[in-house]
Amino acid sequence: MIARLPTLLAALLLLLALPAPLRAAPPGPDPIAEARRLHQQGVDGDEQAVRDCIALLERTLAADPDNARALAWLGSALTLRARDLGIGPAKLETLKRGGALLDQAVAASEDPEVRLVRAINSAKLPAVFGRRKIAREDFALLLARARDRARPLPVPLAQGIFLHAGAFLKSDGNRAEAERAWNDGIALAPRSDLAGQMRSALSNRRGS
């Protein structure tokens, strides 16, 4: 055992020399996948899930500052946090910070998921915040990307684009283009859950 001490010490020193994120990265779920799950719980009204989502994404960005998806989801989570805060300066500042992070993420990355997060978030904010034009431009770019057969996207992402773009187009008074988007999305994977949501949207003829 004594003869092995130099070898063990060398191994320990090598471990300590590794960057902290590599040393302290126990097996666990993909942080972005977990952030998506927590974010959805937040959308459904779970305020603690929103706080947990923000904390997770801040840790992720501390270890990987260039992670545009983490930045985008953090921006969206902050707008959810603003929803939960009482009326006052903190509410508006949190909302503004969320929008700024979303814009920063899109400027830094061509990842369609990043732009989709901003598009959905901007579409759901009240018009007074002036983000509807951003949503309109984002969804137009995303639809063109999802329809580009030379550069196919993962089917769940493409269907997510068609689902949410269709909802936005419908709310924007463009029912024909909304239906086109939903039909395009269904065609990609007719048996998926997202296809089911698009079929439900198509069957609902009421409302704008």
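The values are calculated or read from the model by the stated rules, or taken from the named source; none is laboratory data. Every value quoted in this text rests on a predicted model; they were computed, and no experiment measured them. No Cβ is skipped: glycine too gets one built from the backbone with ideal geometry, and neighbour counts run over all protein chains shown.
I'd like to check something: does region 53-73 contain any residue that is under 17 Å from Leu125 (Cα atoms) and either under 13 Å from the mean Cα position of the chain (by Cα) or modelled with pLDDT under 95 (or both)?
yes
Scan region 103-125 residue by residue and report those that are within 23 Å of Leu92 (Cβ to Cβ), touching a residue at least 12 places away in the same chain (Cβ under 8 Å) and over 10 Å from the mean Cα position of the chain (by Cα).
Asp103, Gln104, Ala105, Val106, Ser122, Ala123, Leu125
If we keep just the residues of region 106-125 that are part of a loop (DSSP other than H, G, I, E, B) and more than 23 Å from Gly185 (Cα to Cα), which is modelled with the highest pLDDT?
Ser109
Picking from Ala63, Ala123, which residue would you name as being buried (at least 19 other Cβ atoms within 10 Å of the Cβ) and within 28 Å of Leu153 (Cα to Cα)?
Ala123
All but one of (1) modelled with pLDDT under 95; (2) of a type in the set (Val, Ile, Thr); (3) touching a Gly at 6+ places or on another chain (Cβ under 6 Å) hold for Val128, so report the exception by its number.
Going through the list (1) modelled with pLDDT under 95; (2) of a type in the set (Val, Ile, Thr); (3) touching a Gly at 6+ places or on another chain (Cβ under 6 Å), Val128 breaks only (3).
Is it fair to say Ala107 is surrounded by 19 or more Cβ atoms within 10 Å (Cβ to Cβ) and of a type in the set (Gly, Ala, Ser)? Give the steps one after another, and end with the answer.
Numbers: surrounded by 19 or more Cβ atoms within 10 Å (Cβ to Cβ): no; of a type in the set (Gly, Ala, Ser): yes.
No; evaluated as a whole, the condition is false for this residue.
Which residue out of Ala77, Ala33, Ala49, Ala82 is assigned to a helix (DSSP H, G or I) and either surrounded by fewer than 16 Cβ atoms within 10 Å (Cβ to Cβ) or touching a residue at least 60 places away in the same chain (Cβ under 8 Å) (or both)?
Ala33
Pick out the one residue from Ala72, Ala90 that is under 30 Å from Asn174 (Cα atoms) and part of a helix (DSSP H, G or I).
Sole residue among the options that is under 30 Å from Asn174 (Cα atoms) and part of a helix (DSSP H, G or I): Ala72.
Need at least 1 residues that are surrounded by fewer than 22 Cβ atoms within 10 Å (Cβ to Cβ), within 19 Å of the chain's Cα centre (by Cα) and small (Gly, Ala, Ser) per element, so show me which helices (runs of 4 or more DSSP H) inside region 126-204 make the cut, counting only ones lying wholly within it. Spell out the reasoning first.
On the way: elements: 132-146, 155-171, 175-188, 193-203.
Once the helices (runs of 4 or more DSSP H) in region 126-204 are filtered for at least 1 residues that are surrounded by fewer than 22 Cβ atoms within 10 Å (Cβ to Cβ), within 19 Å of the chain's Cα centre (by Cα) and small (Gly, Ala, Ser), what remains is 132-146, 155-171.
Only one residue in Val106, Val155 is over 16 Å from Ala68 (Cβ atoms) and of a type in the set (Val, Ile, Thr). Which one? Write out each step before concluding.
On the way: Val106 fails: over 16 Å from Ala68 (Cβ atoms).
The conditions single out Val155.
Which residues, counting only those in region 148-166, are in contact (Cβ under 8 Å) with a residue 12 or more places away in the chain and farther than 15 Å from Asn183 by Cα?
Once the filter is applied, which keeps residues that are in contact (Cβ under 8 Å) with a residue 12 or more places away in the chain and farther than 15 Å from Asn183 by Cα, region 148-166 yields Leu153, Leu157.
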